[in-house]
Amino acid sequence: MSETAWDKFGLRPASTEPWNRFCWTQYSDHGPGLELLHTGPGMRVLELGTGKGDNLVQVASTGASAVGVDISAVQIEAARERFGDLIEVHHTTAEEYLAEHDGEFDSVYSVFGAIWFTDPAVLLPLVRRALKPGGRFAFSHLPPSGECPGPHEYDMYGPDNRELLPITRWCYRPYMWEKKLLDAGFTSASGQRLPCPPDKETIGTMIVEATA
């Protein structure tokens with residue numbers, strides 16, 4: 001997906017209410033939280049596809065150094081305006097940033113972010129290299145639904161809900177992600193499909209964890 005398309009998506013307004021917890025799913029107060037990551041004072045944590053910074057500022061609240069990257073200048077500008085010096089954000093691609101940082105992070109994560117929109121054959125080895133030994137990698141996205149796992153082209157609605165933005169997403173089943181992570185050098189990996197809340201009717205959320 002091009003930077004221009006992500007900038008248009010970034011024009012959607014941010015929530016007026018601050019998030020009260022770290023959220024991996026589409027729903028507040030649902031699913032796991034920061035316990036999937038190594039956070040806290042002295043820790044250095046990286047988000048791939050930070051958007052407007054809602055999850056990243058939750059990382060910062062633990063005392064960790066919270067770093068985020070996003071391909072969209074619009075999203076990065078919004079994150080800086082909302083949270084200032086609480087978070088450190090960079091306008092770049094996940095691949096470019098990771099290639100320059102070797103063994104620096106205690107945790108790397110992505111919530112419906114760059115892991116979903118980048119070829120894992122390129123991204124996963126870079127994530128592994130950026131993590132300290134024993135570091136944590138976790139990510140979430142929608143599970144595959146109605147199509148074969150793998151890269152697929154989609155049309156996403158822009159900020160006016162009328163313009164269609166072309167994107168490619170990489171969706172895999174848990175055992176497929178586990179194999180890709182182990183092949184990339186992670187020592188352990190596990191994935192699960194978390195059901196949606198009882199009052200919702202969606203396909204739930206894919207959550208994958210790995211250890212360097």
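Rule-based calculations on the coordinates, nothing more; no lab input. From a predicted model like this one, the values you see are computed outputs, not experimental measurements. Cβ coordinates were reconstructed from backbone atoms using ideal geometry, including for glycine residues, and neighbour counts include every protein chain displayed.
Scoring 52-60, 30-38 by mean Cβ neighbours within 10 Å over their residues and listing the highest first yields 52-60, 30-38. Report the calculated FRET efficiency for S190 and R82 (r = Cβ-Cβ distance, R0 = 30 Å), to the nearest 0.05. That pair, S190 with R82, gives E of 0.35.
Look at the alpha carbon pairs under 8 Å that are at least 6 residues apart: their mean separation over the length of the stretch 23-115 gives a relative contact order of 33 percent. Peptides 190-203, 83-96 ordered by packing proxy, namely the average of other Cβ atoms within 10 Å per residue, highest first: 83-96, 190-203.
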